[in-house]
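J.: Pasting a structure here, questions to come.
The values are calculated or read from the model by the stated rules, or taken from the named source; none is laboratory data. Since we're looking at a predicted model, the values are computed, not measured. Cβ atoms come from the backbone with ideal geometry, glycine included; neighbour counts cover every protein chain shown.
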Amino acid sequence: MAKKQSFADKVSKKKIIINCPVCGTPITHIKYTQAERSANGWKFRTTSVGVCKCNHAEVYG
């Protein structure tokens, strides 16, 4: 049987925060979807992108 996990155990877990080496702000991961035109119609490419203050304008355009 698995060990029961209480709510206090869940809340007390530490989250790993990665800071950008250039600007020093925390990196937030988002799901980025691009629409591409193909021969048959449209295709959507989804990738995971880390966003910080440096590349915020490039990603959100």
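J.: Restrict the check to the stretch 30-52 and report whether at least one residue is over 13 Å from the mean Cα position of the chain (by Cα), on the phi > 0 side of the Ramachandran plot, modelled with pLDDT of 90 or more and outside any strand (DSSP E or B). Let's see the steps before the verdict.
T.: Looking only at the stretch 30-52, we keep the residues that are over 13 Å from the mean Cα position of the chain (by Cα), and these are 34-45.
Then drop every residue that is not on the phi > 0 side of the Ramachandran plot, which leaves 41.
After this cut, where a residue has to be modelled with pLDDT of 90 or more as well, the list is 41.
Then keep just the ones that are outside any strand (DSSP E or B); that gives 41.
Yes, because at least one residue in the stretch 30-52 is over 13 Å from the mean Cα position of the chain (by Cα), on the phi > 0 side of the Ramachandran plot, modelled with pLDDT of 90 or more and outside any strand (DSSP E or B).
J.: Of all residues in the stretch 12-29, which are of a type in the set (S, T, N, Q) and more than 15 Å from the chain's Cα centre (by Cα)?
T.: SER12
J.: Right, here's the next one. Please go through the stretch 26-47 and give me each residue that is surrounded by 10 or more Cβ atoms within 10 Å (Cβ to Cβ) and of a type outside the set (A, V, I, L, M, F, W, C), ordered by number.
T.: Looking only at the stretch 26-47, we keep the residues that are surrounded by 10 or more Cβ atoms within 10 Å (Cβ to Cβ), and these are 26-30, 32, 43.
Result: PRO26, THR28, HIS29, TYR32, LYS43.
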